[in-house]
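Enquirer: What follows is a single structure, and I will ask about it in a moment.
The values are calculated or read from the model by the stated rules, or taken from the named source; none is laboratory data. Values in this document were obtained by computation on a predicted structure and should not be read as measured data. In this analysis, Cβ positions are derived from the backbone assuming ideal geometry, glycine residues included, and neighbour counts consider all displayed protein chains. Ligands, DNA and RNA are stripped out before the accessible areas are found, and what is left, the full protein with its side chains, is counted by its heavy atoms. Shrake-Rupley method; radii C 1.70, N 1.55, O 1.52, S 1.80 Å.
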Amino acid sequence: VIKLALGCPAYRRQVHVGHIFQALNMSAAILHHPGVQLVGCLVVASTNIDYARNRLTHDALAHGADWLLMFDADTYHVRAEALLEMVVAGSAREAAVIAAPVRRRGAEGYNVVVVDETGERQLDPAGIHDVVPVQRIGTACMAVNLGWVRACWPRQPWFVTRQLDGAEPAKLSEDYAFCDGVRERGGSILLDARFEPVHDG
């Protein structure tokens, strides 16, 4: 049985109304799923996203969870079975991270990065419909293997935004930096392209 904690970084404790339907469907899906047990529903209200994600991870570990499923306040998916299938797939493959593709706000494409012979590029998940390895993926709908965290990265902080050197200010987001840290410690990162959550706006 996978002990699952749900987590949401929600500034002012506010979420999209889609979270209501997601929560109701998730409750029913977990009730009827023999392999998943809910052990915590966690919310962190902070303007600091790095702190919020680190606090959610820390608190899920303290709850004895095996996996933490994080959803941003403006991102949701009402077909809860797909969310549970994503966590089960990540567990079966012993991945450190598995996440769904989410469209980026204010920019083209998705929050998924791969590296191939042409270099680093953003991945368009259209037509994949499978679970595949990637180098970086955003945390808008991400499940973190806390067993892997306990064994390979027990000391926080896990999520830290990095300011990049150069002529103009630039940054590496806390989720991409987390993925880099996972890979540096030998962990695998998977994209579950079998579904796509809604990102409001």
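Enquirer: Under 8 Å between Cβ atoms, which residue pairs at least 6 apart in sequence (or on different chains) link something in the range 157-173 that is in a loop (DSSP other than H, G, I, E, B) with a partner that is open to solvent by 50 Å² or more (accessible area, probe 1.4 Å) and of a type in the set (A, V, I, L, M)?
Expert: The qualifying pairs are 159/49; 161/49.
Enquirer: Also, I was wondering about something else. If residue 50 passes every condition in (1) of a type in the set (Asp, Glu); (2) part of a strand (DSSP E or B); (3) in contact with a helix residue (DSSP H, G or I) (Cβ under 7 Å, 6 or more places away or on another chain) but one, which one does it miss?
Expert: The failed condition is (2).
Enquirer: In the range 9-25, which residues are out of contact with any Cys (no Cβ under 9 Å at 6 or more places or on another chain), surrounded by 13 or more Cβ atoms within 10 Å (Cβ to Cβ) and at pLDDT 95 or above?
Expert: Just the residues of the range 9-25 that are out of contact with any Cys (no Cβ under 9 Å at 6 or more places or on another chain), to begin with: 9-14, 16-18, 20-22, 24-25.
Narrowing further to those that are surrounded by 13 or more Cβ atoms within 10 Å (Cβ to Cβ): 9-11, 16, 18, 21-22, 25.
Within the range 9-25, 9, 10, 16, 18, 21, 22, 25 qualify.
Enquirer: Continuing with the same structure: If you scan the range 104-114, which residues turn out to be under 17 Å from the mean Cα position of the chain (by Cα) and outside any strand (DSSP E or B)?
Expert: Result: 104, 105, 111.
Enquirer: In the range 115-144, which residue that is of a type in the set (Val, Ile, Thr), part of a strand (DSSP E or B) and at pLDDT 95 or above is surrounded by the most Cβ atoms within 10 Å (Cβ to Cβ)? Talk me through it step by step, then tell me what you get.
Expert: Residues of the range 115-144 of a type in the set (Val, Ile, Thr): 115, 118, 128, 131-132, 134, 137, 139, 144.
Add one more test, that the residue is part of a strand (DSSP E or B), and what stays is 115, 131-132, 137, 144.
When the remaining residues are screened for being at pLDDT 95 or above, the result is 131-132, 137, 144.
On the way: 131: 18, 132: 14, 137: 28, 144: 31.
Looking at residues that are of a type in the set (Val, Ile, Thr), part of a strand (DSSP E or B) and at pLDDT 95 or above, I get 144.
Enquirer: Then there is this: Can you name the condition, by its number, that residue 92 falls short on among (1) surrounded by fewer than 18 Cβ atoms within 10 Å (Cβ to Cβ); (2) over 18 Å from residue 5 (Cα atoms)?
Expert: (2)
Enquirer: List the number of the failed condition for residue 106; all other conditions in (1) open to solvent by 80 Å² or more (accessible area, probe 1.4 Å); (2) small (Gly, Ala, Ser); (3) at pLDDT 95 or above hold.
Expert: (3)
Enquirer: Exactly one condition in (1) assigned to a helix (DSSP H, G or I); (2) of a type outside the set (Gly, Ala, Ser); (3) open to solvent by less than 30 Å² (accessible area, probe 1.4 Å) is false for residue 85; which is it?
Expert: Going through (1) assigned to a helix (DSSP H, G or I); (2) of a type outside the set (Gly, Ala, Ser); (3) open to solvent by less than 30 Å² (accessible area, probe 1.4 Å) one by one, residue 85 breaks only (3).
Enquirer: I would also like to ask the following. Can you name the condition, by its number, that residue 37 falls short on among (1) surrounded by 17 or more Cβ atoms within 10 Å (Cβ to Cβ); (2) assigned to a strand (DSSP E or B)?
Expert: Here residue 37 meets the rest and fails (1).
Enquirer: Please specify each residue of the range 181-201 satisfying the condition of being in a helix (DSSP H, G or I), under 14 Å from the mean Cα position of the chain (by Cα) and surrounded by fewer than 19 Cβ atoms within 10 Å (Cβ to Cβ). Step through it out loud before you land on a result.
Expert: Our first condition is that a residue be in a helix (DSSP H, G or I); within the range 181-201, this holds for 181-184.
Retained after the next criterion (residues that are under 14 Å from the mean Cα position of the chain (by Cα)): 182.
Of everything in the range 181-201, nothing turns out to be in a helix (DSSP H, G or I), under 14 Å from the mean Cα position of the chain (by Cα) and surrounded by fewer than 19 Cβ atoms within 10 Å (Cβ to Cβ).
Enquirer: Here is a further query. Take the range 56-69 and flag every residue that is crowded, with 24+ Cβ neighbours inside 10 Å and touching a Lys or Arg at 6+ places or on another chain (Cβ under 7 Å).
Expert: Answer for the range 56-69, where residues must be crowded, with 24+ Cβ neighbours inside 10 Å and touching a Lys or Arg at 6+ places or on another chain (Cβ under 7 Å): just 65.
Enquirer: Can you tell me which of (1) open to solvent by less than 20 Å² (accessible area, probe 1.4 Å); (2) farther than 28 Å from residue 38 by Cβ; (3) in contact with a Cys (Cβ under 9 Å, 6 or more places away or on another chain); (4) outside any strand (DSSP E or B) is the one residue 101 doesn't meet?
Expert: (2)
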